[in-house]
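Shown next, in structure tokens, is the structure this report addresses.
The values are calculated or read from the model by the stated rules, or taken from the named source; none is laboratory data. Note that the structure is predicted; figures quoted are calculated from it, not measured. No Cβ is skipped: glycine too gets one built from the backbone with ideal geometry, and neighbour counts run over all protein chains shown. These area figures cover heavy atoms from the full protein model, side chains too; ligands, DNA and RNA do not enter into them. Shrake-Rupley method; radii C 1.70, N 1.55, O 1.52, S 1.80 Å.
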Amino acid sequence: MPPRTRRFSPATTGRAPRDRAVRRPRNTIPAALAPTATYPNLRRTLLAALTLAGLGLLVFAGAASADLLTPESGGSPNADDIDTLYKIVLVLAFIIFFAVEGVLVYSLVKYRHRKGAVAAQIHGNTRLEIGWTVGAAVLLVVLGGVTFAMLGDIRNPPDSDAAGYDGPGVVQVANAASGDRQPPNGKSLRIQVNGQQYLWRYTYADGDDNRLNNVFSYTDMVVPTGTTVTLEIKAQDVIHSWWIPELGGKFDAVPGHTNYTWFKVPADKAGTTFRGQCAELCGRNHANMLANVRAVTPEEFEAWLAGKKRAIETGNRDVVEQRKQLFPTEEDQVTEDSAVNPTP
Amino acid sequence: MAVVDTTAQSTTGVPQVLASKVERPSEGWTSWVTTTDHKKIGIMYIVTTLVFFVLGGIEALMMRLQLGAANNTLLSPEVYNALFTIHGTTMVFLFVVPIMAGFGNYFVPLMIGARDMSFPKLNALSFWLLLSGGIVFYASIFFSPPEVAWTAYAPLSGAAYSPSGGVDAWIFLVHLTGLSSLVGAVNFYATIAHMRAPGMGWGRMPLFVWTILIYAILLILALPVIAGAATMLLTDRHFGTTYFVPGQGDPLLWQHLFWFFGHPEVYIMVLPAFGIISEVLPVFARKPIFGYKAIAAATVVIAFLGLLVWAHHMFTTPSPSVVLIFFMLSSFLIAIPTGVKMFNWIATLWRGTIVFKPPLLFAAAFLSLFLIGGISGIFLAIFPIDWQLHDTYFVVAHFHYVIVGGAVFAIFSGLYYWFPKMTGRMPNERLAQISLVTMYVGFTMTFLIQHSLGLDGMPRRIYEYQDIGNLELYNQISTAGSFVLGIGIFISFYNFIRSLKKGAVAGPDPWLANTLEWFTPSPPPQNNFDEVPRVRSIEPMKDIRRQVERQSGIVSDDREPARS
């Protein structure tokens, strides 16, 4: 059979494979593929980069606080549980990370091209492939199991401490909505959180359905320690998201919907202010929509609540007085409640 | 009429009528405007999307500058909000998704032994639609750019809270690029289904072609949903409908519709990147791909599961438990085929003889970085953990590891791999190495620390922050890293432009690659193949080289034992 190499030459080029092959001596690879003299350099560079990265990581680990690798926690049991769950996943993640990156780097170094080396012509290995598929699946089943085991503690609020606050504002929610989880004894300090461009408004429950005479505050929420606080999260304009990292996860405030969460600040955290801010883009001043939760002792809270109630009542009266002076004919249209509380 | 040799050992092509009429090829810039040649269209796609990549990168650097100091006053909140909206939209709709179409345009016909796409004129149409979408969107910066993030959540994107035309420009971009991608996807599907070389069954199709096929199917499934949702938003804004208006419609409906498209979009971006990696690794490890069928099957499974995980973007919304649990478990499931791919790629390197050329360097970087993006995804899939991490810089870090560490490093691997084919010149290796190391270091500086930023309590999309904890320090590391990353990318671009003229002449098959595009000269002639070879395996070029050796008695490289 006559040589037919021309048939297989790249179309319309004068440069047939035969020519190319002839020009190269036996047992070498084409110029474009030849290992360049930079290999030792490359290895040195890689080694230096890895050492640097390792050192950098150590410096960071030393300099940075504990939140370099884990979420914030410490203000509430649900935040602590999420932190624990995160750490369990983190350990597994590090094991997978180092194992896979290790094999990758090992393969890259060990099997780099050497003179005379021949690549193994392996197309696959069914057993091995089934093995790692099942392995990955088992790992995820474990993760799922751990998550479900911890889910109850993260989502279900506990009862308030015996020394917790149990005065005005603590209510039992009748016919709670499906997402509105209540502590076993049903009693919690109930606060309605209302997101609006670019403020958070907190309305403290007072046991009746009239929301016009409730104690409320903006931006700074004051809560008693040792007391379960349940939140009813709403929005009145665009979507916002309630997030105080140390008090647990974030929950979106969606207009037309109500979202629920809870927290319970431990007794020894009285006097702490937990910082947070809106976590869902809500417009130009989204970055400035801050929220603070100040934990105080139950006694201080009772006093604060009473003081706030008085201040609001005084304020309402003053406004009514002022309006009477400004608009004498409209006085009967202005009630104390609607003066300061336009949006319940 | 040629005699067709159908014996098993033959790579003889099937005789075909090549041309009934020869037209004078047009030259100059009009040849680009009027072309229906898939290679010219592919190059226009790649160049256009890279220009948008540079624009998106400049926007990113501006944002990083603003965040370089706590309480910075460099940018106003409206400019900052516009920047992240344009940055995200650009990178998704005008860079990563369409550059994959660019690679697909240029290389799918070549890899399957076709002379063009099924519908060359539709192909040109999809490019011009893409470009007009980009122009419509970017024109808005001269009027009132959108400030609602690339997700355009209602009611913020409604007429009441965003009355200016910016959101409308965004909607038109979604429509125009969506139409472009849909037309392109139909074309890819038809081309791949009907125009493969003789002998190329589904089981011998290159893995890049597999991923482009799945990319096309996902686009066809997902794009109509966002097109519909964007139209509903448009009628809400201007014609009094209330689909997403609280009380009458529901803002959460927008999120469901958006993410029903948005999550498959992630796989639309990353699956073709997987395809590039699956082509590059075996060529430079000088070893067949490990587990071809498993990788192809994993692509299909990822795409299917990718349609069932959308609400994991909505774990913090008021949603029933069953929804949270379903979407956590479905997101877990998708880790399995992704892990399978990762293991198969590493097994492809195992016992190979790895040649560290630029495409392999970028592919190796892809493997090491994408792994981190995959692992951080597991944290986010567990919904109680997501309650802490959602909408923070942890998520920003996660998806940049997936889309930059994953897709963009793969795109660079592909650019270096195919540059000789597209231009006929070799890129400079030294510059490629410097670029890789700079990009790798810059990327890690920028995004690794952002995990900690999120854990430390910094939400996304804020134009300023107070210096609480280590926020300012972490942000400064990230900002410094972003400029290193920018320099690394710039070096590669310089390399490409320089090599157009100064690069060594590549020849048809400089890498000793496996697939049919390397059977043609570099760059390929307009008709691609004078004769389409018969395909006998997933590595037709290896067969062709082997047959040349057998018939000539000359061994062309040191991978094969000499035959007598």
Condition first: touching a strand residue (DSSP E or B) at 6+ places or on another chain (Cβ under 9 Å), in contact (Cβ under 8 Å) with a residue 40 or more places away in the chain and not in a helix (DSSP H, G or I). Can you find one or more residues in the range A:78-94 that meet it?
no
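To keep it simple, each residue is scored yes or no on (1) assigned to a helix (DSSP H, G or I); (2) surrounded by 24 or more Cβ atoms within 10 Å (Cβ to Cβ); (3) modelled with pLDDT of 95 or more; (4) among the β-branched types (Val, Ile, Thr).
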site: B:LEU130; (1), (2), (3), (4): yes, yes, yes, no
site: B:TRP150; (1), (2), (3), (4): no, no, yes, no
site: B:SER157; (1), (2), (3), (4): no, yes, yes, no
site: B:TYR161; (1), (2), (3), (4): no, no, yes, no
site: B:VAL167; (1), (2), (3), (4): yes, yes, yes, yes
site: B:THR177; (1), (2), (3), (4): yes, yes, yes, yes
site: B:SER180; (1), (2), (3), (4): yes, yes, yes, no
site: B:ALA185; (1), (2), (3), (4): yes, yes, yes, no
Among the residues of the range B:247-264, the number that are in a helix (DSSP H, G or I), over 25 Å from the mean Cα position of the chain (by Cα) and surrounded by fewer than 24 Cβ atoms within 10 Å (Cβ to Cβ) is 2
Failed item, numbered, when B:THR515 is tested on (1) of a type outside the set (D, E, K, R); (2) more than 12 Å from chain A (Cβ to nearest Cβ); (3) open to solvent by 10 Å² or more (accessible area, probe 1.4 Å); (4) closer than 30 Å to B:ARG534 by Cβ:
(3)
Just give me the residues in the range A:139-161 being aliphatic (A, V, I, L, M) and either within 11 Å of another protein chain (Cβ to nearest Cβ) or in contact with an Asp or Glu (Cβ under 7 Å, 6 or more places away or on another chain) (or both), in sequence order.
A:LEU139, A:LEU140, A:VAL141, A:VAL142, A:LEU143, A:VAL146, A:MET150, A:LEU151, A:ILE154
Test of understanding: among B:GLY406, B:GLY442, B:GLY454, which residue is open to solvent by less than 10 Å² (accessible area, probe 1.4 Å) and under 13 Å from B:PHE366 (Cα atoms)?
B:GLY406
Among the candidates B:ALA285, B:ALA298, B:ALA311, single out the residue that is in contact with a Ser or Thr (Cβ under 8 Å, 6 or more places away or on another chain), under 30 Å from B:GLY165 (Cα atoms) and either touching a residue at least 12 places away in the same chain (Cβ under 8 Å) or open to solvent by less than 10 Å² (accessible area, probe 1.4 Å) (or both).
B:ALA311
How many residues does the range B:129-158 hold that are away from chain A (no Cβ under 11 Å) and of a type in the set (Ser, Thr, Tyr)?
4
Checking B:GLY488, B:GLY469 in turn, the sole residue that is free of Cβ contacts under 8 Å to residues at least 60 places away in the same chain, small (Gly, Ala, Ser) and outside any loop (DSSP other than H, G, I, E, B) turns out to be B:GLY488
Kindly establish whether B:ALA69 is touching a residue at least 24 places away in the same chain (Cβ under 8 Å), of a type in the set (A, V, I, L, M) and assigned to a helix (DSSP H, G or I).
no
So, in the range B:297-311, how many residues would count as being outside any helix (DSSP H, G or I) and closer than 27 Å to A:GLY152 by Cβ?
2
Residue in the range B:459-478 that is touching a Phe, Trp or Tyr at 6+ places or on another chain (Cβ under 8 Å), open to solvent by less than 10 Å² (accessible area, probe 1.4 Å) and more than 21 Å from B:MET62 (Cβ to Cβ) present
no
Here's a check for you: in the range A:288-304, which residue that is open to solvent by less than 10 Å² (accessible area, probe 1.4 Å) and either within 10 Å of chain B (Cβ to nearest Cβ) or closer than 30 Å to B:ARG461 by Cα (or both) is farthest from the chain's Cα centre (by Cα)?
A:ALA295
Which number in (1) without any contact (Cβ under 8 Å) to a residue 60 or more places away in the chain; (2) surrounded by 22 or more Cβ atoms within 10 Å (Cβ to Cβ) marks the one condition that B:ASP391 misses?
(1)
Where A:ARG275 falls short, out of the listed (1) within 29 Å of B:THR151 (Cα to Cα); (2) of a type outside the set (Phe, Trp, Tyr); (3) open to solvent by less than 50 Å² (accessible area, probe 1.4 Å)
(3)
If we keep only residues of the range A:175-230 that are among the charged types (D, E, K, R) and within 14 Å of chain B (Cβ to nearest Cβ), then the residue least open to solvent (accessible area, probe 1.4 Å) is A:ASP180
Can you work out which of the residues in the range A:146-166 that are open to solvent by less than 20 Å² (accessible area, probe 1.4 Å) and touching a strand residue (DSSP E or B) at 6+ places or on another chain (Cβ under 9 Å) is nearest to A:VAL91 (Cα to Cα)?
A:PRO157
Taking the range B:312-370 and keeping residues of a type in the set (A, V, I, L, M) and in a loop (DSSP other than H, G, I, E, B) leaves B:MET314, B:VAL355
Quick check on my filter: what residues within the range B:132-143 are at pLDDT 95 or above and part of a loop (DSSP other than H, G, I, E, B)?
none
Hey, A:GLN121 hits all of (1) open to solvent by 20 Å² or more (accessible area, probe 1.4 Å); (2) part of a helix (DSSP H, G or I); (3) free of Cβ contacts under 8 Å to residues at least 24 places away in the same chain but one; which does it fall short on?
(2)
Only one of B:GLN433, B:GLN388 is under 30 Å from B:ALA149 (Cβ atoms), polar (S, T, N, Q) and either within 8 Å of another protein chain (Cβ to nearest Cβ) or in a loop (DSSP other than H, G, I, E, B) (or both). Can you tell me which?
B:GLN388
Within the bounds of the range B:414-421, is there any residue that is open to solvent by less than 20 Å² (accessible area, probe 1.4 Å), more than 10 Å from chain A (Cβ to nearest Cβ), hydroxyl-bearing (Ser, Thr, Tyr) and in a helix (DSSP H, G or I)?
yes
